[in-house]
Amino acid sequence: MISLGKGSVVCCGAPEIESSKPSLVLKKFGFMKIQNGKFGGVGSRFAAPIKSMEAPKESCVNVDVSEKKVPQMSTRGNSTNILWHNCSVEKSDREQLLQQKGCVIWITGLSGSGKSTLACALSCGLHARGKLTYVLDGDNVRHGLNSDLSFRAEDRAENIRRIGEVAKLFADAGIICIASLISPYRRDRDACRALLPEGEFIEVFMDVPLHVCESRDPKGLYKLARAGKITGFTGIDDPYEPPLKAEIVLQQEAGLCDSPADLAETVISCLDKKGYLVA
Ligand SMILES: Nc1ncnc2c1ncn2[C@@H]1O[C@H](COP(=O)(O)OS(=O)(=O)O)[C@@H](OP(=O)(O)O)[C@H]1O
Ligand SMILES: Nc1ncnc2c1ncn2[C@@H]1O[C@H](COP(=O)(O)OP(=O)(O)O)[C@@H](O)[C@H]1O
């Protein structure tokens, strides 16, 4: 049996880790269970990763200056002289542990189309099946990571780019990541799709007409936008570009709405068919 420890962040290079063995620190603070003298009932497959956790210095790049063996550095945006570092615990190992495949479910649609409700219903439905999910809701992420961003086009693009990158990390962790944000521009959504391997980005379009969303108006934002008290509101005086090739289109009309649980079931059966609910 494999025991998962408490949620934690291990920062190699932190004083606690450098002054002692990381494994002992994790154990001391109760983050991992020890079974058979090894972490989490590990088998041979996991011996190497745990060894590497115990020796942070091994994670340094070996640059043998005398023999001029200099690794190939890269540049990404303003980050120069950076080097990708691989870890021997891979995505497939995490997926094996979780018995699922990491992917991104990207829910897009107008404000009030039911994105957050579906994201939550989906997370509940998958959780009940023993699957690990995490919801990245536009509204919520704007409370922290993206609180510096407005609703101008370039800030929306940056909002979507950052959430796309975070979602990619979650998928790499083996988690079924549910991103729910308006993401009104096709180009930005397509850029997030391009971050992931083929098939791992599942776009769900909440195809709900503006008049239905506006009649729901749970936050009163459409009313404010119509009154000119909010400018640049999606669907009113800011564009929404519907997806052209979404994997799933959930159409709803006034009085003809499936329940959130039924909509979630549609998405779950798509995940099931695509093999994401097994390792
Ligand atoms: N101008 C404007 N346009 C659209 N939405 C607005 C605006 N100002 C505030 N809000 C609130 O912000 C929520 C949308 O945030 P997102 O991060 O999903 O938007 S975006 O993807 O960057 O376009 C959105 O939440 P949802 O209603 O859940 O979609 C609104 O509550
Ligand atoms: N499937 C549905 N059928 C009917 N009403 C819904 C459905 N999904 C959501 N709603 C309602 O629509 C409103 C907007 O839902 P919400 O999930 O907040 O949308 P969004 O995140 O897209 O802004 C809420 O009042 C919610 O209760």
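The values are calculated or read from the model by the stated rules, or taken from the named source; none is laboratory data. Owing to the predicted nature of the structure, the values given are computational and were not obtained by experimental measurement. Glycine also receives a Cβ, built like all others from the backbone with ideal geometry; neighbour counts cover every protein chain displayed. Heavy atoms of the whole protein, side chains included, go into the accessibility calculation; ligands, DNA and RNA do not. Shrake-Rupley method; radii C 1.70, N 1.55, O 1.52, S 1.80 Å.
Under 19 Å between C-alpha atoms is the cut-off here; go through the stretch 91-273 and count lysine pairs that meet it, provided they're at least eight residues apart or on different chains.
Within the stretch 91-273, the lysine pair count is 12.
For R161, what accessible area in Å² do you get when you roll a 1.4 Å probe over the heavy atoms of the protein chains, rounding to the nearest 10?
Estimated to the nearest 10 Å², R161 gives 120 Å².
Sort out for me the Cα centre separation of the stretch 121-195 from the stretch 208-257, rounded to whole Å.
Using only Cα atoms to place each centre, the spacing works out to 19 Å.
Quick one: which of 110-116, 91-97, 70-76 comes out on top by average Cβ neighbours within 10 Å, and what's the full order, highest first? Please list the in-between numbers first.
On the way: 110-116: 23.9, 91-97: 15.6, 70-76: 9.3.
By packing density, highest mean first, the sequence is 110-116, 91-97, 70-76.
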